[in-house]
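Here's the structure we're looking at; comments come further down.
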Amino acid sequence: MASIISIRNLEKRYDSGFRALKGIDLDIPDGDIFALLGPNGAGKTTLINVVCGIVNASAGTVEAAGHNIISDYRAARSLIGLVPQELTTDAFETVWATVSFSRGLFGKPKNPAHIEKVLKDLSLWDKRNNMLMTLSGGMKRRVMIAKALSHEPKILFLDEPTAGVDVELRRSMWEVVRSLREHGVTIILTTHYLEEAEQMADRIGVVNAGEIVLVEQKHELMAKLGEKRLTLQLE
Ligand code: ATP
């Protein structure tokens, strides 16, 4: 399958001198749900931020849907949706206003039918007139996903979509992520947990100390790990 993201020899050295990404090469097939699995500080967020063009790379190239993320930033950015780890929502805004305003930021024409579909798919339709401050943490995270889908991106990044949620909400988020396939977007998510990567992803890339140490189809990785998966602790 063709790659929608191609990363070559990607390096990130922060101003402190710390080398957070050490020559990453990675291809992500179009239509995949891809999990970046790794412990705290492995470089997952840095990788996502560089690929989304939020943080500058120190060296290397990133192409997203055929656009170079540095030289062709505007085109590439309009094809990308990002749900960061921290919730960035306005407490007094309604669900509908938040999502449709986000679409406007990308200069897209109004399309209430698309916003309606996104809200219905994320089980937010009944809450469309609610202010965000009245929603639970899990629902707020769904609003963040709806916001990121508002401009019809081809690629959606979810940075630790289950951070800070309880076990029940975590499972419902797994379902939400799987259902996003229906939007025809390629999904790249980060997680600390092997079980979570297994539940949500088609393919898993293991990140450690700024390097991709392994990329496998989920089933192949699980077969390789065999019984060890029960004891593997990546945290
Ligand atoms: P977590 O799972 O805890 O979110 P992560 O895998 O996403 O971790 P990053 O947040 O990308 O890891 O951090 C990778 C490394 O880069 C860490 O050692 C972190 O301290 C360092 N780092 C991140 N941002 C900066 C920065 N702005 N300046 C210097 N070092 C940074």
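Scanning the stretch 59-76 turns up one or more residues that are β-branched (Val, Ile, Thr), in contact with a strand residue (DSSP E or B) (Cβ under 6 Å, 6 or more places away or on another chain), modelled with pLDDT under 90 and farther than 19 Å from residue 145 by Cα. For the stretch 160-194, a tally of residues being within 16 Å of the ligand (Cβ to nearest atom) and open to solvent by 10 Å² or more (accessible area, probe 1.4 Å) returns 8. Looking only at residues in the stretch 31-42 that are surrounded by 23 or more Cβ atoms within 10 Å (Cβ to Cβ) and within 11 Å of the ligand (Cβ to nearest atom), the one that is nearest to the chain's Cα centre (by Cα) is 36. Return the residue satisfying two criteria in turn: it lies in the stretch 203-223 and is open to solvent by 20 Å² or more (accessible area, probe 1.4 Å) and β-branched (Val, Ile, Thr), and of such residues it is farthest from residue 33 (Cα to Cα). If we take residues in the stretch 203-223 being open to solvent by 20 Å² or more (accessible area, probe 1.4 Å) and β-branched (Val, Ile, Thr), then 213 is farthest from residue 33 (Cα to Cα). Residues of the stretch 77-93 being buried (at least 18 other Cβ atoms within 10 Å of the Cβ) and either in a strand (DSSP E or B) or within 16 Å of the ligand (Cβ to nearest atom) (or both), which ones? Of everything in the stretch 77-93, those that are buried (at least 18 other Cβ atoms within 10 Å of the Cβ) and either in a strand (DSSP E or B) or within 16 Å of the ligand (Cβ to nearest atom) (or both) turn out to be 80, 81, 82, 83.
Of all residues in the stretch 130-155, those satisfying the criterion of being open to solvent by 70 Å² or more (accessible area, probe 1.4 Å) and either over 20 Å from residue 87 (Cβ atoms) or of a type in the set (A, V, I, L, M, F, W, C) (or both) are 131, 133, 152, 154.
Are any residues in the stretch 42-56 in a loop (DSSP other than H, G, I, E, B) and modelled with pLDDT of 95 or more, and if so, which ones? Residues satisfying the conditions are 42, 43. Taking residue 200, is it more than 24 Å from residue 103 (Cα to Cα) and open to solvent by less than 40 Å² (accessible area, probe 1.4 Å)? Considered against the rule, which asks whether it is more than 24 Å from residue 103 (Cα to Cα) and open to solvent by less than 40 Å² (accessible area, probe 1.4 Å), residue 200 comes out as yes. For residue 53, state whether it is small (Gly, Ala, Ser), within 12 Å of the ligand (Cβ to nearest atom), within 26 Å of residue 144 (Cα to Cα) and under 18 Å from the mean Cα position of the chain (by Cα). Judged against the criteria, residue 53 is not a match.
The values are calculated or read from the model by the stated rules, or taken from the named source; none is laboratory data. Not measured: the values here are computed from a predicted model. When we count neighbours, we look across all protein chains shown, and the Cβ atoms used for this are built from the backbone with ideal geometry, even at glycine. Accessible surface areas use protein heavy atoms only, side chains included; no ligands, DNA or RNA. Shrake-Rupley method; radii C 1.70, N 1.55, O 1.52, S 1.80 Å.
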